[in-house]
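S.K.: Below is one structure. I have some questions about it.
The values are calculated or read from the model by the stated rules, or taken from the named source; none is laboratory data. Since this is a predicted model, take the numbers as computed values, not measurements. Reconstructed Cβ throughout: ideal geometry from the backbone, glycine too, with neighbour counts over all protein chains shown.
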Amino acid sequence: MADATASTSNNVVIVGAGLAGLSLALGLTSGTIKNSAGKDNDRWRVHLVEKQFNFSRTGATFGLQPNGQKALKELAPGIVEELNQVGLFIPQSGGTMLGWWNVRDALLARVQQEASKPDGTAKISLHTGYLLQDVLDSEDGVNVTFQKHKKQADSNSIEQAGDSNLLTLQASILIGADGVNSSVRDHLGLPKAKWTNVVMWRSRLYIPPNKDDPKSTPAADILRPYLDIPIVPLGVRLRGCTNYAFFNFHQKTPGTMALVANYKLDQEQADKSMQQFVPGTSVQSFLEAQADDEKEVQEIRAMAELCDHDGLHHPIKQKVVVLPEEDGKGWGGKGRITLLGDAAHALRPASGQGGSMAFEDAVVLCRVLQKKFGSSKQDQAPTKTEIEQALQEYENTRLPRVRKLWVDQWERAEATYKNITVKPWDEEFSNWVFQGV
């Protein structure tokens, strides 16, 4: 684990060990930040704090678009080539379609490798099972206190941080990379994420490729023909504002597919009917009630039998973070505290850009910190004012680009639910997005 007694001026606390937090931790310690000799910089010690105890292989799909690939190559050299071995090429964009778990596992493996180094040499410390409790941005540094989950206090975590239920860290920078329901965002007093009136289910499923496989079932027989169809086999729109699709990873991971199902409520429904979408609401019964023919019903039932149970029974509210309309004031960070990824700017998933935008955030933040505090300034402790200016520069640099894409994704998503044909991006806009930062 990283040395917890390292100088406060060198410590960075990242809340959230999802894709955004993991990639930033790598960028700060082994990616973008280099010293004057071109070697990994010893400036930063990262404390990565995650509320979950275990890193389960959940989630559905992740589109690693060209701009995301460019950023990730800078944050974690070699990892994109590794992911391309298990992902599927997206001809429309030149990106790679992956299981969400593929990306998370690749990033996590590198973080764990760094965190497992002997005391005093590791640049990353990974703490799991902690909730943010308190933050104090003082002259001496940002003091952050976390509380271990009471209901899971006896669970095994990847790294136990002592016997105490409290974890107290002091750092020069606090970064919220903890998703759309960010606790760091709450601490900053920023508006909560806005529900789009869309309910989502995400799950994985496995179909034995061989009919003679002892594990094969009649449900597998119904869906097996789709294993031979390219990347997105079932773009099925049922009634009105409901759709579901299977994403096919069979070419690289035999038998593996992912389910994505969405339902858009109108405002009156959203105000009155969300209570029906509580944990335990099965996507099977919901979709069956709206299917138009027996073939759809049979496919839905087969899907329900083969999918991961948790994904099927836990609907998620699709939320977005509304961005400021005015440039020059960032997206809400204060002092030595900033946000990254969905915590800063969760957008609609119309073109699969959410993750790529998070990787862009991480790379821009690393570049700003390198410019301000790297190379020749390696031995100089950054001042409070210098850090605040660096974080403001990061947010101001990112805001116009993210907001432009945010608006585009909102408009495209809304048009889709209204059965309006959405044209592809024109060449100019496409180049602007995929060229990245």
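S.K.: All but one of (1) surrounded by 21 or more Cβ atoms within 10 Å (Cβ to Cβ); (2) touching a Gly at 6+ places or on another chain (Cβ under 8 Å); (3) not basic (Lys, Arg) hold for residue 324; which doesn't?
M.R.: (1)
S.K.: In addition: So for the stretch 72-87 (the condition being at pLDDT below 95, closer than 20 Å to residue 260 by Cα, surrounded by fewer than 24 Cβ atoms within 10 Å (Cβ to Cβ) and of a type in the set (A, V, I, L, M)), does at least one residue qualify?
M.R.: The answer is yes; a qualifying residue exists.
S.K.: For residues that are crowded, with 17+ Cβ neighbours inside 10 Å and assigned to a helix (DSSP H, G or I), scanning just the stretch 302-318, find the one that is farthest from the chain's Cα centre (by Cα).
M.R.: 302
S.K.: Scan the stretch 312-338 for residues that are in contact with a Phe, Trp or Tyr (Cβ under 6 Å, 6 or more places away or on another chain) and within 30 Å of residue 224 (Cβ to Cβ) and report the count.
M.R.: 1
S.K.: Now, a different point. Run down 92, 69, 152 and say which single residue is modelled with pLDDT under 90, surrounded by 14 or more Cβ atoms within 10 Å (Cβ to Cβ) and more than 29 Å from residue 336 (Cβ to Cβ). Outline the logic, then answer.
M.R.: Values: 92 fails: surrounded by 14 or more Cβ atoms within 10 Å (Cβ to Cβ); 69 fails: modelled with pLDDT under 90.
Within the list 92, 69, 152, the selection yields 152.
S.K.: Please work out if residue 141 is at pLDDT below 95, crowded, with 19+ Cβ neighbours inside 10 Å and more than 30 Å from residue 386 (Cα to Cα).
M.R.: Details: at pLDDT below 95: yes; crowded, with 19+ Cβ neighbours inside 10 Å: yes; more than 30 Å from residue 386 (Cα to Cα): no.
So residue 141 fails the test.
S.K.: Just name the residue that is modelled with the highest pLDDT out of those in the stretch 34-66 that are touching a helix residue (DSSP H, G or I) at 6+ places or on another chain (Cβ under 8 Å) and of a type in the set (Val, Ile, Thr).
M.R.: Ranking the qualifying residues of the stretch 34-66, first place goes to 46.
S.K.: Sticking with this structure for a sec: Hey, which of the strands (runs of 3 or more DSSP E) in the stretch 84-144, taking only ones fully inside, have at least 2 residues that are out of contact with any Pro (no Cβ under 7 Å at 6 or more places or on another chain) and under 22 Å from residue 246 (Cα atoms)?
M.R.: Values: elements: 88-90, 95-99, 124-128, 130-138.
Counting at least 2 such residues, we get 88-90, 95-99.
S.K.: Does the stretch 292-317 hold any residues that are of a type in the set (Lys, Arg) and farther than 15 Å from residue 244 by Cα, and which are they?
M.R.: Of everything in the stretch 292-317, just one residue is of a type in the set (Lys, Arg) and farther than 15 Å from residue 244 by Cα, namely 317.
S.K.: Looking at the stretch 410-434 only, could you name the residues that are touching a Pro at 6+ places or on another chain (Cβ under 8 Å), of a type outside the set (Ser, Thr, Tyr) and at pLDDT 95 or above? Step through it out loud before you land on a result.
M.R.: Of the stretch 410-434, the ones touching a Pro at 6+ places or on another chain (Cβ under 8 Å) are 413, 430, 434.
Now narrow it down to the ones that are of a type outside the set (Ser, Thr, Tyr): 413, 434.
434 - this is the single residue of the stretch 410-434 that is touching a Pro at 6+ places or on another chain (Cβ under 8 Å), of a type outside the set (Ser, Thr, Tyr) and at pLDDT 95 or above.
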